[in-house]
Structures are given as structure tokens and as C-alpha cells.
Amino acid sequence: MNLANKITLLRVLLIPIFMIVLFSDFNNSNYIAALIFTIASATDGLDGYIARSRNQVTTLGKFIDPLADKLLVSTALISMVQLGKVPAWIVVIIIAREFTITGFRIIAASEGITIAASPLGKIKTITQLIAIISLLINNYPFRLVNFPFDTIMLYAALIFTVISGIDYIYRNKEVLKTGEK
């Protein structure tokens with residue numbers, strides 16, 4: 001197993017640690033959970049960079065990297081529903097988009113089509129990560145000036161999630177036409 005895949009597996013292993021810390025009842029556990037989440041999130045860019053720069057892109061990496069990303073974000077969002085920080089309907093929309101695009105990619109792959117990530121998808125990911133971190137740290141430092149940065153980022157993430165999903169399918173609609181007679 002190469003270094004990039006090991007880093008991706010580290011991201012997966014950090015997920016239960018993140019949850020344990022998040023739901024622990026000790027001082028500043030949410031800040032420590034935010035740090036763990038941030039480290040796990042940072043491994044996403046790192047593993048991709050290492051895989052590409054060392055020409056070590058593998059089938060395993062192509063499978064576990066997006067899975068690790070979706071598990072990390074879904075875990076954080078579902079946890080925050082339980083904590084009362086995020087409305088469930090927002091999480092349902094975000095996770096539904098992820099399932100839809102994953103299914104879409106599976107269809108494309110079965111037809112021998114590779115679909116690259118779009119700039120909107122990257123913005124979606126960044127806004128989701130910023131929203132989650134902001135929520136985890138209780139909107140610090142913005143709460144000191146009564147600025148709802150965490151809420152704004154959550155809705156920005158929701159908007160980019162929907163728009164990027166629509167764009168993804170629209171730009172690759174030929175995938176749905178493959179195999180039609």
C-alpha cells in the first residue's frame with residue numbers, strides 16, 4: 001500500500017475518533033473535535049497531491065478517497081443534527097446529492113467514462129468543510145460580534161451542493177443516454 005492510500009486510510013480512522021471526542025463531555029471537546037476534523041479534511045488534499053506527484057494513483061485510491069470524504073462529511077453533518085446545530089433537511093439534501101453523484105459516477109465508470117471533478121464541486125467541498133468547522137467551534141470568533149458566519153457558510157454549502165450536483169449531471173448528461181437504443 002502506497003503512502004497516499006495510507007493517508008486516505010488515516011482519514012477514515014480519524015472519523016470514529018472525531019465522533020468520540022465530539023460526543024465526549026469534557027471542556028473544549030468540540031474544539032478538539034474540530035481540530036481532528038480539520039486534520040482529517042487536510043489529508044484529502046495531501047493524499048491526492050502525493051498520489052499524483054509520485055505517479056501512484058491506484059484503483060484502491062480512486063475508490064477509498066471519495067468514500068473517505070463522503071464518510072467524513074456525512075458523519076460530521078449527521079452528528080451535528082443530533083447536537084441540534086444543523087437542520088436535518090439540509091443534511092438530507094447534502095447526502096442525497098452525494099448518493100446521486102456517486103451513482104452517476106458508477107454508471108459512467110461502467111461505460112468506461114471518467115468524469116473529472118468540477119470547480120463547482122471543489123467549491124462545494126470547501127464551503128462544506130468551512131461550514132462544519134465553523135459549527136464545531138460554535139461560530140468562534142464571529143459570535144463575539146454577533147455575525148452568523150457558521151449559518152451563512154452552511155447555506156452557502158447547501159447552495160453549492162445543489163448547484164454543483166445539477167451542473168455535474170447537466171455537463172455529463174450523455175452518461176444517462178449510453179446504452180439507449
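Against the numbered list (1) surrounded by 13 or more Cβ atoms within 10 Å (Cβ to Cβ); (2) modelled with pLDDT of 95 or more; (3) out of contact with any Ser or Thr (no Cβ under 9 Å at 6 or more places or on another chain); (4) more than 17 Å from Leu71 (Cα to Cα), Ser24 comes up short only at (1). Entry remark, segment 122-131: residues being touching a residue at least 40 places away in the same chain (Cβ under 8 Å) and either over 10 Å from the mean Cα position of the chain (by Cα) or not in a helix (DSSP H, G or I) (or both) number 1 in total.
Could you list all residues from segment 132-181 that are of a type in the set (Val, Ile, Thr), closer than 22 Å to Thr102 by Cα and in a loop (DSSP other than H, G, I, E, B)?
Thr178
Restricting the first member to segment 50-78 and to residues that are part of a helix (DSSP H, G or I), and the second to residues that are at pLDDT 90 or above and of a type in the set (Asp, Glu), the beta-carbon pairs closer than 6 Å and six or more apart or on different chains are Lys70/Glu98. Exactly one residue out of Leu120, Leu72 is within 27 Å of Lys6 (Cα to Cα) and either modelled with pLDDT under 95 or not small (Gly, Ala, Ser) (or both), and it is Leu72. Among the residues of segment 1-37, which ones are more than 30 Å from Asn55 (Cα to Cα) and either touching a Cys at 6+ places or on another chain (Cβ under 8 Å) or not in a helix (DSSP H, G or I) (or both)? Answer for segment 1-37, where residues must be more than 30 Å from Asn55 (Cα to Cα) and either touching a Cys at 6+ places or on another chain (Cβ under 8 Å) or not in a helix (DSSP H, G or I) (or both): Phe23, Ser24, Asp25, Phe26, Asn27, Asn28.
Looking at Thr102, Thr114, can you tell me which residue is in a loop (DSSP other than H, G, I, E, B), among the hydroxyl-bearing types (Ser, Thr, Tyr) and free of Cβ contacts under 8 Å to residues at least 40 places away in the same chain? Steps first, answer last, please.
Details: Thr102 fails: in a loop (DSSP other than H, G, I, E, B).
When all the criteria are applied, what remains is Thr114.
The values are calculated or read from the model by the stated rules, or taken from the named source; none is laboratory data. Keep in mind that what you see is a predicted model, and the values were worked out from it rather than measured. Reconstructed Cβ throughout: ideal geometry from the backbone, glycine too, with neighbour counts over all protein chains shown.
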